[in-house]
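Below you'll find the structure I mean.
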Amino acid sequence: SLPCDVYAAAGTPCVAAHSMVRALYSSYSGSLYQVQRASDSATADIGLLATGGYANAAAQNSFCAGTTCIITRIYDQSSKHNDLTVEGAGGAGAADVGAPADALPVTVGGHQVYGLEISAGMGYRDNATSGVATNGAAEGMYMVTSGTHVNGSCCFDYGNAETNNKDTGNGHMDAINFGTECWFSPCYGSGPWVQADLENGLFESNLGYSTNSSNTGTGAIPFVTALLKNNGQDHFALKWGNAQSGGLTTTYSGGEPSTSSGYSPMHQEGAIVLGTGGDNSNGSIGSFFEGVMTSGIPTDAADDAVQSNIVSVGYGGATGTTGTLGSASEISLQATTSCCTTDFVRHQNNAGVLSAITSGSSALDKSDATWIVRPGLASSSCVSFESRNYPGDYLRHYNFKIYRQPMDGTTTYRQDATFCPTTGKSGTGTSFASYNYPTKYLRHYNYNLYIASDGGSNAWDSATSWTDDVSWAVSSPWAP
Ligand code: AHR
Ligand code: AHR
């Protein structure tokens, strides 16, 4: 059964069920989300390929072809119709903008679908909900997010918040927070951590700070299940798991915060926020694939069954198509210059570099050297290269050097991350012209990566071995 079937059977039904990627009830056949295109401001609802199935991303691709789309609504699949729309101004942030609809292509259940990638200044909300816990009532919630696209700014949240977009005091929120912001020291390790945003604090325990030195965060794993439940009176718990494998770990289960008054009992107001703090503090970034809120505090057995279902759908699995420049194919890019034929394009410390990869390389090195071919973010007649292990991050140039960075929806980013394939300049393989600097091609030079012209003012524009350095073998992906 799907997550909201599980929670219903356990007597704690979903009162909000938001997903970009799939149905959360086996009987759901409605829309998942709405997109709006830039060319004529028209909107379209994106639904499912089948009842209880996966998002129909092809419908989005055709509606948004030749223009760009933003996400304007995320439908609530529950009977409560608590849809999220783009968040308005709040106590701490100006009105948000919608997230680009094509920023976070991922494979779920073998289908190419799109997640929601929140950059600073983006967020979604519903201030007039039905069925969501208020004033000390019990509730549970989870979301599937990513450990790779996080920051330390306030506050990438999903859950219960104020109905007026303002900080109305302790206990007026009850939301999952995910990021590297350590509100109460110490936090152990480098995060990101699953925390409870209960207003005026991101809590890892009743004392605020982490009392659990083994909770060092999820690390940069691509898919994370983050879970919070709160009986509204005297108990809350935090759990997380790898959304691709295994079960949930409880990092805290105990009393409500005793750091100051207002948290016991809680004072939830029942609005739903996604991507910002309760007062629309919107400096945070994050990823969202699916999430639900329940009425009542779910059993641990129900949480475990939900995690099993999440793992079973195969978030981020290999696409099955490899070694070509077709959409969603997974590839590695091999140098053809005689110095370097065992070297590949990889990312390392956020930069694009050329390095040796062999069958004995670590899984991390192999993933770093694997790219998913996407329709060019600036033109679908070219391509973009999405990182295999950093969903929503692409190879892009900046000051003519190559980096791995999250897609931010700007025109400059789209162009910087778009490469147009052509026959290899050496007569071998494929060369990739920069979309916005068409005389410059993806090149390795001293084991760093650039867009470079054949002779020019920068060291990396050297004409020596340029034709070989810009000619690549599109090869089978290193990552499994
Ligand atoms: O609790 C942390 C944050 O503090 C809340 O999200 C926000 O409303 C306030 O700024
Ligand atoms: O890489 C060249 C240019 O440098 C990019 O287009 C821009 O992002 C940066 O200013």
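The values are calculated or read from the model by the stated rules, or taken from the named source; none is laboratory data. From a predicted model like this one, the values you see are computed outputs, not experimental measurements. Heads up, the Cβs are rebuilt from the backbone with ideal geometry, glycines too, and the neighbour counts pull from every protein chain shown. With ligands, DNA and RNA removed, areas are computed over all heavy atoms of the protein, side chains included. Shrake-Rupley method; radii C 1.70, N 1.55, O 1.52, S 1.80 Å.
Can you list the lysines whose alpha carbon is less than 26 Å from that of residue 366, not counting same-chain residues fewer than 8 positions off?
401
Hey, got the dipole for the range 68-190? About the Cα centre, +1 on K and R Cβ, -1 on D and E Cβ, debye to the nearest 20?
Computed charge dipole of the range 68-190: roughly 80 debye.
How large is the accessible surface of residue 75 in square angstrom, using a 1.4 angstrom probe and rounding to the nearest 10?
Its accessible surface works out to 40 Å², give or take rounding.
Related question: Could you work out [θ]222 nm for the chain from helices alone, using -39500 (n - 2.57) per DSSP H run of at least four and dividing by all its residues? Round to the nearest 500 deg cm²/dmol.
That calculation yields -2500 deg cm²/dmol at 222 nm.
Moving on. Rounded to a whole number, what is D in µm²/s for the range 299-449 from Stokes-Einstein with the Kirkwood radius over alpha-carbon pairs (25 °C, 0.890 mPa s)?
Estimated diffusion coefficient is 150 µm²/s.
Same structure again: Could you check the spin-label model distance between residue 428 and residue 185? Points 7 Å from the Cα along Cα→Cβ, value in nm.
5.5 nm
Please compute the modelled spin-label separation between residue 166 and residue 454, points set 7 Å along Cα→Cβ, answer in nm with one decimal.
Each label point is offset 7 Å from its Cα along the Cβ direction, giving 6.5 nm.
Can you check what the net charge comes to around residue 306, using other residues whose Cβ is under 12 Å from the Cβ of residue 306 (Lys, Arg +1; Asp, Glu -1)?
Spelling it out: positives minus negatives among the neighbours equals -3.
A follow-up question, please. Magnitude of the Cβ-charge dipole of the range 389-480, K/R +1 and D/E -1, about the Cα centre, nearest 20 debye?
So the magnitude is around 80 debye.
Identify, among 336, 323, 370, the residue whose Cα sits farthest towards the positive end of the charge dipole of the range 280-394, taking +1 on the Cβ of Lys and Arg and -1 on the Cβ of Asp and Glu, with the dipole about the Cα centre.
336
First compute the accessible area of the chain with a 1.4 Å probe, then give the percent of it belonging to carbon and sulfur atoms.
C and S atoms contribute 48 percent here.
How big is the range 89-151 along each principal axis, measuring the range of its Cα positions in Å and listing the largest first?
41, 30, 22
Could I ask something else about it? With charges only on Cβ, +1 for K and R and -1 for D and E, what is the dipole size of the chain about its Cα centre, in debye, rounded to 20?
That gives the chain a dipole magnitude of about 1240 debye.
Placing +1 on the Cβ of each Lys and Arg and -1 on the Cβ of each Asp and Glu in the chain, which of 57, 446, 397 has its Cα farthest towards the positive end of the resulting dipole?
446
I need the fraction of alpha carbon pairs in the range 109-265 separated by more than 26 Å, rounded to a whole percent.
That fraction is 23 percent.
I've got another one for you. May I ask you to derive the relative contact order of the chain, considering only C-alpha pairs under 8 Å and at least 6 residues apart, and to give it as an integer percent?
The normalised contact order for the chain reaches 15 percent.
Can you give me the angle between helix 300-313 and the longest principal axis of the chain, using Cα atoms only, in degrees from 0 to 90, rounded to the nearest 10?
For 300-313 against the chain, the angle is about 20 degrees.
Along the charge dipole of the range 367-480, Cβ charges K/R +1 and D/E -1, which of 433, 464, 382 sits furthest on the positive end?
382
Taking the Cβ of residue 85 as the center, what net charge do the other residues with Cβ under 13 Å away carry, scoring Lys and Arg +1 and Asp and Glu -1?
Neighbourhood net charge equals -3.
Binned at 20 Å from 0, what are the whole-percent values of the Cα-Cα distance distribution for the chain, short to long?
For the chain, the binned pair fractions read 25, 53, 20, 1 percent.
Separate question: How far is it, in nm, from the label point at residue 250 to the one at residue 62 when both lie 7 Å from their Cα along the line to the Cβ?
About 4.9 nm, to one decimal.
On average, how much accessible surface per residue is there in the chain, in Å², for a 1.4 Å probe, leaving out ligands, DNA and RNA?
33 Å²
Determine the relative contact order of the range 65-176: mean sequence separation of Cα pairs under 8 Å and six or more apart, normalised by residue count, in whole percent.
Contact order relative to length: 23 percent.
Compute the orientation-averaged projected area for the range 1-89 from the convex hull of its Cα atoms and round it to one decimal in nm².
Over every viewing direction, the Cα hull of the range 1-89 projects on average to 6.4 nm².
Over the heavy atoms of residue 410, what accessible area does a 1.4 Å probe trace out, to the nearest 10 Å²?
60 Å²
Same structure again: Given a 1.4 Å probe and the protein chains all in place, what does the accessible area of residue 365 round to, in Å² to the nearest 10?
50 Å²
Then there is this: Assuming R0 = 22 Å, what is the FRET efficiency of residue 153 and residue 235, from their Cβ-Cβ distance, to the nearest 0.05?
0.15
Give the relative contact order (percent, whole number) for the range 160-316; include only Cα pairs under 8 Å separated by 6+ residues.
Relative contact order comes out at 26 percent.
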